[in-house]
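Working notes, structure below.
The values are calculated or read from the model by the stated rules, or taken from the named source; none is laboratory data. These numbers come from a predicted model, not from an experiment. Please note: Cβ atoms are built from the backbone with ideal geometry, for glycine as well, and neighbour counts cover all protein chains shown.
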Amino acid sequence: MSGADQMNTFEKTIFPVDFFSKKSNKTTSLINNNDQKNELSGRHVWYNFEFNEPLFVCELIINVSGYNNYNDFEIELMLDNNTVYRSKTRSVDGVVSISVNRIVSFFRFRPESKIFESQFIQRVSAYGYTPLEFRSLEKEISNIILMQNDIQSKKSAIEQIEQISKSTMSEAQAKIKELNDEISNLEKNVGQSSAKLEGLNSEISHASSRRVEIISIISELQSKKENLNNNKIEIEKNINELIYKKTKLIDDIRLFPSEISGLVEEGNRAINLYKWIIFVSMAIVVAIVTHLIFGAWKFTSNEQMPPKDVFSTLLSRTPLVVIYFIVFKIFAFIIGRMAEEIVKISNQRINVTAISVIAKDVSTSSSANTDLTSDERYEKETFLKMELLREHMKHYVSENYRYKQGDLGEKLRSIFSSKKSSDEEK
């Protein structure tokens, strides 16, 4: 299988509703909707959709009903660099589609205002690549490079064959000329020497046969040369296409934010555990409160109990009430503590995402109008992210840790440190 066929195996993924936040909203229920009950009435308002994390979106498709082909839809996309991309398109046979091919964290759309008619938003679908598919694409780049090297070696072999064919053709042409000269000399000698006529005729016949064979060989070599030239043109075209796809894939991959899926996955696991603990604690607290309320109601509803028995009953229930109170306080503390941990984990994920965005913006603006290559700019951006992460995680990482890279990276770090100190002085 060629490199192009391998890349075609990466089909665009339709993002499920789990990739979106605010799942309880009515607009979020439109994601990949197949239930007519979830359809929303089409109005001239913004329908907002937000991803849990930025994703590479290839295409957005909105299924509607009641709209004509001349009705416009306004679409806005929040890109990974906090810029807003706006577009306006029309529905075609109840389908509104837009090609994106960018990293998007939020998108929304607004239909054109219509009166005296019923319109519905039936389904919203987003197609693209998950972070795992991006890593697979990165592996495919290495395979493409290996294929390119193989094609280059085959190209060199074809050029050598072409040179050999040219040399063989030159020798054959020289031989034909030599044979033609021999035939001319023999024809001249026929009239002068009848005794050598038979021998000369035999030599002429042999030379003519050799000429036919050589002409046949030359024709075959010319045909092979034409085939080789056609193959050479086709291979050069494939090489150019592979180089273009390689460059485009590298640019697309580097546009994607730093890999934080591990942090997000671990944070989600911890949050789910804390939610389960909170749920169990809440269940216990509710059970205690319910039991106390039911006991109090049963106790107060017993009107036939004499005062002496009331006092003795209260006195006998006091240890149980104290134990319930202690258990209630313990689980109330656990619930509060777990809620604080959930908020802390959310803040940490927001801080790491902010570090990635800040590093991207600072490195891009610092390397503008310079002679840095794309690899050097990517290296400086990585260095700045590592410095920000070291500062953010100084309680977990040694203060002597430094990300090693070139002199220009040290200059960027000194510029960032001077900016930070000036901000602290202000």
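Details
- Residue match in the range 144-166 (condition: closer than 28 Å to PHE20 by Cα and either at pLDDT 80 or above or assigned to a helix (DSSP H, G or I) (or both)): no
- Given (1) out of contact with any helix residue (DSSP H, G or I) (no Cβ under 6 Å at 6 or more places or on another chain); (2) more than 30 Å from ILE350 (Cα to Cα), index of the condition CYS58 fails: (2)
- Looking only at the range 211-249, and only at residues there that are loosely packed, with under 13 Cβ neighbours inside 10 Å and of a type in the set (D, E, K, R), the one that is farthest from SER374 (Cα to Cα): GLU213
- Enumeration of residues in the range 53-71 that are surrounded by fewer than 14 Cβ atoms within 10 Å (Cβ to Cβ) and in contact (Cβ under 8 Å) with a residue 24 or more places away in the chain: SER65, ASN69
- Positions within the range 111-132 being under 9 Å from the mean Cα position of the chain (by Cα) and either surrounded by 15 or more Cβ atoms within 10 Å (Cβ to Cβ) or closer than 30 Å to ARG90 by Cα (or both), in sequence order: GLY128, TYR129, THR130, PRO131
- Look at the range 213-233: where a residue is charged (D, E, K, R) and a partner is part of a helix (DSSP H, G or I), sitting 6+ places away or on another chain with Cβ atoms under 6 Å, you get LYS225/SER165; LYS232/ILE158.
- Hey, LEU146 touching a residue at least 12 places away in the same chain (Cβ under 8 Å) and not assigned by TED's automatic domain parsing to the domain that holds THR28 or not: no
- In the set (1) among the basic types (Lys, Arg); (2) exposed (fewer than 13 other Cβ atoms within 10 Å of the Cβ); (3) more than 22 Å from THR353 (Cβ to Cβ), LYS12 fails one condition alone, (2).
- Boolean, VAL95 is in the same structural domain as PRO54 (by TED's automatic domain parsing), surrounded by 15 or more Cβ atoms within 10 Å (Cβ to Cβ) and not charged (D, E, K, R): no
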